[in-house]
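Colleague: I'd like to ask you about the structure that follows.
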Amino acid sequence: MARSATVAFLLLVFALVGCDSPSAPANVPPMNREPPARPGGAPLGDGPGRLYAVSRFHLGDGTQAWQSVGYDLDSEISAPPPGKAFANHCLPVAGASPRTAFGEGPEGIDNAFGKNIVPMLHSAIFGFEVCIGSNPCPPPSPPHTLDIPIAASVDAGQSTLLLWLSDLGDKARYTPIKAYAMGARNRENGAWHIASESVLAANSNDIAATMASSSAPFTDSYVTGNTWVSSPSTGVLSFVIMIGEHPVHFQIHHPIVTMQLSADHATATNGVIAGVLATEDVVHEADLIMQNDADFCPGSQARDSILNQVRQASDILIDGTQDPTVPCNGISIGLAFEAAEAQAAGIADPPPVPSKCAP
């Protein structure tokens, strides 16, 4: 990352920390955003299965889109009587105010990553816009969003997420469906290579067995009205999104994944990935991004300050619950996506992470 982009990252962090986010709307509906319910009386999976690759990720930067992406992970809606809005939440860390840490979207959607971390990434990639005599800044043309460089990396075959619905047929309702999620990279001759770090037993001679060893199995998932819904998982969904030249590694605990399948099951839209990132994993990724600038290497006071601000985004416990006696150690996340049928062949190890800091 260029020096100007890193300085922009620092400026935006200080700006975010210096002011609280507005409280949740007063008219939040009295319900929680949850995936569609399991269908009753649906048949077992009876097909040859389908493998999907995410073709587009949507982080929601530059807008308030983060508020509508994700699910209510903690069964809490932060809009009770004044003064009690966050009484059941974990304890904010690193000096964060409750409103900064716990702002939610409608229906209790938890997405602190979209609310607090994505704006920092946006600034790191595109720089900090300063307008004189214009507040807010006029929108750039074309719009600057992280979706653009991410889409370019997916189109170039650099990295994506694979979803294997191993016994999906052509019906609109199934339960259960044995499904598996894993990262992928280095698309070659139309086929993606499975990311070795996202499976437990990589075997280039048996791709099906490799995918079935995913660190995020959803073996009790289902399809209702052509919407696929992952089953609860205690695994960790691991994949990489390339943002610019930097690989950003996501390790999502207790993941929930849903997507609307087309009638012929060839594509998927309205996809949602939700779950919890371990705070220190996000801190580590932010540290790696900053190491593209030699002025922000380990030992730098500015680096330490930024990492502390990242910790302030913590809004949940790593197990997806809340406890008002325990410091928050997780950051909720919601990502939107689209997907299409794909092929997989081979295994690929993680790419080197660029750094200008001494080892």
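The values are calculated or read from the model by the stated rules, or taken from the named source; none is laboratory data. Worth saying up front: this structure is predicted, and the values here are computed from it rather than measured. Neighbour counts run over all protein chains shown; Cβ positions are idealised from the backbone, glycine included.
Colleague: Taking the range 234-273, which residues are out of contact with any Ser or Thr (no Cβ under 9 Å at 6 or more places or on another chain) and hydroxyl-bearing (S, T, Y)?
Modeller: Within the range 234-273, just T234 meets the criteria.
Colleague: Check off (1) loosely packed, with under 14 Cβ neighbours inside 10 Å; (2) free of Cβ contacts under 8 Å to residues at least 12 places away in the same chain; (3) within 21 Å of S238 (Cα to Cα) for P359 and give me the number that stays unchecked.
Modeller: For P359, the failing item is (3).
Colleague: With respect to the numbered conditions (1) surrounded by 17 or more Cβ atoms within 10 Å (Cβ to Cβ); (2) without any contact (Cβ under 8 Å) to a residue 12 or more places away in the chain, which one is the sole condition not fulfilled by Q312?
Modeller: (2)
Colleague: Condition check: at pLDDT 95 or above, among the β-branched types (V, I, T), under 21 Å from the mean Cα position of the chain (by Cα) and crowded, with 16+ Cβ neighbours inside 10 Å. Does I194 satisfy that? Even if it seems obvious, please write down each step before you answer.
Modeller: Working: at pLDDT 95 or above: yes; among the β-branched types (V, I, T): yes; under 21 Å from the mean Cα position of the chain (by Cα): yes; crowded, with 16+ Cβ neighbours inside 10 Å: yes.
Yes, satisfied.
Colleague: Checking L161 against (1) out of contact with any Ser or Thr (no Cβ under 8 Å at 6 or more places or on another chain); (2) surrounded by fewer than 23 Cβ atoms within 10 Å (Cβ to Cβ), only one condition comes out false. Which one?
Modeller: If we test L161 against (1) out of contact with any Ser or Thr (no Cβ under 8 Å at 6 or more places or on another chain); (2) surrounded by fewer than 23 Cβ atoms within 10 Å (Cβ to Cβ), just (2) comes out false.
Colleague: Which residue pairs have Cβ atoms closer than 7 Å, lie 6 or more positions apart in sequence or on different chains, and pair a first residue in the range 86-102 that is closer than 17 Å to D74 by Cβ and crowded, with 17+ Cβ neighbours inside 10 Å with a second residue that is at pLDDT 95 or above and basic (K, R)?
Modeller: V93/R311
Colleague: Can you pull out every residue in the range 220-239 that is at pLDDT 90 or above and surrounded by 23 or more Cβ atoms within 10 Å (Cβ to Cβ)? Spell out how you get there, then give the answer.
Modeller: Taking the range 220-239 as the starting set, the residues that turn out to be at pLDDT 90 or above are 220-230, 235-239.
S221, Y222, V223, W228, V229, S230, L237, F239 - these are the residues of the range 220-239 that are at pLDDT 90 or above and surrounded by 23 or more Cβ atoms within 10 Å (Cβ to Cβ).
Colleague: Taking the condition of being among the hydrophobic types (A, V, I, L, M, F, W, C), in a helix (DSSP H, G or I), within 24 Å of the chain's Cα centre (by Cα) and more than 18 Å from I125 (Cβ to Cβ), how many residues in the range 291-331 meet it?
Modeller: 1
Colleague: Something else: So is T160 in a helix (DSSP H, G or I), over 22 Å from P43 (Cα atoms) and out of contact with any Phe, Trp or Tyr (no Cβ under 6 Å at 6 or more places or on another chain) or not?
Modeller: Values: in a helix (DSSP H, G or I): no; over 22 Å from P43 (Cα atoms): yes; out of contact with any Phe, Trp or Tyr (no Cβ under 6 Å at 6 or more places or on another chain): yes.
For T160, the condition - in a helix (DSSP H, G or I), over 22 Å from P43 (Cα atoms) and out of contact with any Phe, Trp or Tyr (no Cβ under 6 Å at 6 or more places or on another chain) - is not met.
Colleague: Run D74 past the list (1) modelled with pLDDT under 75; (2) in contact with a helix residue (DSSP H, G or I) (Cβ under 8 Å, 6 or more places away or on another chain); (3) under 26 Å from V272 (Cα atoms) and report the number of the one that doesn't hold.
Modeller: Looking at each condition in turn, D74 falls short on (1).
Colleague: Also: Return the only residue of A202, A263, A212 being of a type in the set (A, V, I, L, M) and within 23 Å of the chain's Cα centre (by Cα).
Modeller: After applying the criteria, what remains is A212.
Colleague: I've got another one for you. Inside the range 227-265, can you point out the residues that are more than 21 Å from E341 (Cα to Cα), in contact (Cβ under 8 Å) with a residue 24 or more places away in the chain and either aromatic (F, W, Y) or not in a loop (DSSP other than H, G, I, E, B) (or both)?
Modeller: I243, H246, P247, V248, H249, F250, Q251, I252, H253, H254, P255
Colleague: Among the residues of the range 271-290, how many are small (G, A, S), crowded, with 20+ Cβ neighbours inside 10 Å and assigned to a strand (DSSP E or B)?
Modeller: Here the count works out to 3.
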